[in-house]
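A short write-up of the structure that comes next.
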2 protein chains.
Amino acid sequence: MKYLIMWLLLLPLLATAQQSAPDYVCPPCGSCDSITYHQPGICPHCGMQLISKTNAQQTPPPTICFLLYDGVEVLDFAGPMEVFSYAGFKVFTVAKTKAPVTSQRILKINPDYSIQDAPPADYFAVFGGDDEVAGKDPEIIKWIKQRDASTKGYFSVCTGAFILANAGLLDHLTVTTFHKSIKHLQNMLPNATVLDNVRYVDNGRIITTAGISAGIDGALHLVARMYGQEAALKIAKQMEYDKYVPEQGLVIKH
Amino acid sequence: MKYLIMWLLLLPLLATAQQSAPDYVCPPCGSCDSITYHQPGICPHCGMQLISKTNAQQTPPPTICFLLYDGVEVLDFAGPMEVFSYAGFKVFTVAKTKAPVTSQRILKINPDYSIQDAPPADYFAVFGGDDEVAGKDPEIIKWIKQRDASTKGYFSVCTGAFILANAGLLDHLTVTTFHKSIKHLQNMLPNATVLDNVRYVDNGRIITTAGISAGIDGALHLVARMYGQEAALKIAKQMEYDKYVPEQGLVIKH
């Protein structure tokens, strides 16, 4: 009887505790950002550490703008899109206009924004392919320069580096690009050092990666820099990209 | 004078020879299929062996149908799309309807066809993600079965294997899927052997791959089977995916 009374007295307290227990969410990713968990731990979907819902709401996710154009190489942007989505970035796509763009002469994509209405983003990402299209378009280059003050960091894959070069962003840096375009970029940037045989080069504000599939490694590196190597390795595991070797990249400056 | 007369006599013959010299093209790929070369050799863009234009016209490229749906994982299909495009496949996309589908909750794609008007293809490819959408849709499963007689081979990445399983295609086979879904697929297919720790399994008509990035390895394997390991390795080099290790896959039957 004594225990029953104690239990009855405790009930309101227990109910209050239950009401105020924090909820947990996975750092938003493509698969599990809408699920709420009632205990801390590991997301059963992607293996990321759950964080309290309140913290998640207070800290907006990093944003990254993907510049797409007709002829953009499909794996160049899809690899990093996969990584950044699992890392909780808010990824959006932009093209010169809102008309669909075709990637790899196959995939027809509706960009989220045109350069007329794209919002600012923490990171700005460019990719290779028929990059003369974007890299030599004065309107696109002008637009990239206009966004520079609000851009925290740049990320290029493959010959996407030529777009950054045309925007005057790579002078005096150590960078990389597609293996067949190393000499071309070096000729274009006599004041820069263009490296071969490196998966990515991190200059702090600007990360350039080698060709096509190397974008995956560069994106995992940026995640590792922001959230720790463990977070990057978890995403690599989720993607079954255990072929990621952090040491294949070069860090000049964080 | 004698030589001048001989030269004048030979001129028409030389002109004829020049006219009939064969032209060469790269096995059509996303970057270089529209360029004609006047000598055999290696394509300077993608490193593939040039073939005579006449042969290229006489042998139509293999076709592959990519089934996309809302929630399809972006790297699941983009990796193989990259590989197959370099290997000269004609790749097209199909969704249940022609309405845009969203991949990874980010990328808005206009499919080339709906299941109402999609042409037949030599190969049929399915991918993971929110695969319950496609795998449990009776109309899609019925459509896959209807195409079966005209389909030479199947290719699944990640949990795309569940779509093939629902179409009754994996019974009694050795297969693989996303690492977190091995048990689930094994329970669904008591007569099949579902393997972990293998990048791809080739049963001849049906190739299944492990999760997400493993689709790249499976696609390279199919290219190697069709055109030789050298062709696959050249594409891997082009993509800077020298992380491709053929032995990480399992061939049950070619």
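We did not get these values from a lab; they are worked out from the coordinates using the rules stated. Treat the numbers as computed from the prediction; the structure is a model and nothing was measured. Note that each Cβ is placed from the backbone with ideal geometry, even for glycine, and that neighbours are counted across all protein chains shown.
Based on the reciprocal of the average 1/r between different C-alpha atoms, the Kirkwood radius for the stretch B:60-251 equals 16.2 Å. Once the mean of 1/r is taken over each pair of separate Cα atoms and inverted, the stretch B:136-226 shows a Kirkwood hydrodynamic radius of 13.1 Å. As a length-normalised measure over Cα pairs under 8 Å and 6 or more apart, the relative contact order of the stretch A:143-190 settles at 35 percent.
Computed over the stretch B:103-154, the quotient of the alpha carbon radius of gyration and 2.2 N^0.38 Å is 1.22.
Two numbers describe the Cα atoms of the stretch A:95-190: Rg and Dmax, which are 13.5, 37 Å. With its label point put 7 Å out from Cα toward Cβ, A:Thr59 sits 5.5 nm from the same residue's point in the other copies, in order from shortest. In straight-distance terms, cross-link reach from B:Lys152 covers every one of the lysines whose alpha-carbon lies under 24 Å from its own, apart from those fewer than eight places away in the same chain; here that gives B:Lys90, B:Lys96, B:Lys136, B:Lys142, B:Lys253.
Fewest-first ordering of B:Asp70, B:Asp117, B:Asp112, A:Asp23 by other beta carbons within 10 Å of each residue's beta carbon gives B:Asp117, A:Asp23, B:Asp70, B:Asp112.
Each copy carries a label point for B:Ala149 at 7 Å from Cα toward Cβ; from one copy, the others' points are 6.8 nm away, ordered from shortest.
The other copies place their B:Asp117 label points at 2.7 nm from this one, listed shortest first, where each point is 7 Å from Cα along Cα→Cβ.
For the stretch B:53-151, trypsin sites (Lys or Arg not before Pro) are listed when DSSP marks them as loop and at most 12 other Cβ atoms sit within 10 Å of their Cβ; the list is B:Lys136.
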